[in-house]
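Data first, discussion second: the structure below is written as structure tokens.
The values are calculated or read from the model by the stated rules, or taken from the named source; none is laboratory data. Here the structure is a predicted model, which is why all the values come from computation and not from measurement. No Cβ is skipped: glycine too gets one built from the backbone with ideal geometry, and neighbour counts run over all protein chains shown.
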Amino acid sequence: MQEFEIKQSEMDFRAKEAFKTLRTNIEFSGGDIQVIAVTSATPNEGKSSVSFELAQSFAQAGKKTLLLDADLRKSVMRSRYKRGRIRYGLTNCLAGQKSFEDVLCATDVKNFYMVFAGPVPPNPSELLGSRKFLDVVEEARKDFDIVIVDTPPVGSVIDAVVAAKSCDGIIMVLEAGAISYRFARRMIEQLKAADTRILGCVLNKVDLSGKSYYGKYYGKYYGKYYGNYYGEEEEE
């Protein structure tokens, strides 16, 4: 097993609460939800960040958690979150070069493990649709309470649909104001056509400055709610 330190991202209180809420919603989706794929409609909507923070949230809640980087074409995990050298990744395992134990990485966060994507292969879709990928997922089921699978955008390549067949459900990450409702709906229909269980959508990169609709609504809501809550707490 490989070991490394992760680069912690800075989040404000609202973002941390949002991931706790997302984690809780998943837990209430059913006891059969253990392996969860995360995708987006297009690149740069933040699906890898959501995958990473969601996995950490489960780990911090005491769940032994694995983040499986299945974005084999254009992974950002190693450059964004890794400190230290990682020699092997998922593609090494799927190609039969290394075992699952060889590519597994223990982080410096309790209960949090990762498998990075590894070298870019010439046949990503075939590898994710192979029996070997299913074997990796099944082995992860035995060793971990929760497995988060970061997959490529469903609007760009077929990889997410292929990988999701080995998972219990999928979450779609959508950037606020970036894509049309019609396009997002078409991507969701594509997942449904493949008999993929859609657990829900995450609206990401929401402008909470107060200038946008979401900022005015959520800023007012959270300001009133948490202001009253902490105000009462301080009085007590």
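Annotations
- Residue tally, condition assigned to a loop (DSSP other than H, G, I, E, B), more than 12 Å from the chain's Cα centre (by Cα) and either under 22 Å from Ala61 (Cα atoms) or of a type in the set (Ser, Thr, Tyr) (or both), over region 142-172: 6
- Verdict on Asn25 being surrounded by fewer than 19 Cβ atoms within 10 Å (Cβ to Cβ) and part of a loop (DSSP other than H, G, I, E, B): no
- Residue check for Val154: modelled with pLDDT under 95 and within 23 Å of Ser29 (Cα to Cα): yes
- When residues of region 122-141 are limited to those that are assigned to a loop (DSSP other than H, G, I, E, B) and free of Cβ contacts under 8 Å to residues at least 12 places away in the same chain, the one farthest from Cys167 (Cα to Cα): Pro122
- Applying the criterion of being assigned to a loop (DSSP other than H, G, I, E, B) and without any contact (Cβ under 8 Å) to a residue 24 or more places away in the chain to the residues of region 1-22, the residue that is nearest to Phe116 (Cα to Cα) is Gln8.
- Residue in region 192-201 that is surrounded by 14 or more Cβ atoms within 10 Å (Cβ to Cβ), farther than 19 Å from Ser156 by Cα and modelled with pLDDT of 90 or more present: yes
- Single match in Ser75, Ser79 (criterion: more than 19 Å from Lys110 (Cα to Cα), in contact (Cβ under 8 Å) with a residue 24 or more places away in the chain and out of contact with any Ser or Thr (no Cβ under 6 Å at 6 or more places or on another chain)): Ser75
- Failed condition for Lys7, given (1) more than 22 Å from Val161 (Cα to Cα); (2) basic (Lys, Arg); (3) within 15 Å of the chain's Cα centre (by Cα): (3)
- Taking the criterion of being at pLDDT below 80 and among the β-branched types (Val, Ile, Thr), the only residue of region 1-38 that qualifies is Ile6.
- Check on Ser79, under 20 Å from the mean Cα position of the chain (by Cα) and buried (at least 16 other Cβ atoms within 10 Å of the Cβ): no
- Residue that is surrounded by the most Cβ atoms within 10 Å (Cβ to Cβ) [pool: residues in region 82-109 that are free of Cβ contacts under 8 Å to residues at least 60 places away in the same chain and among the small types (Gly, Ala, Ser)]: Gly89
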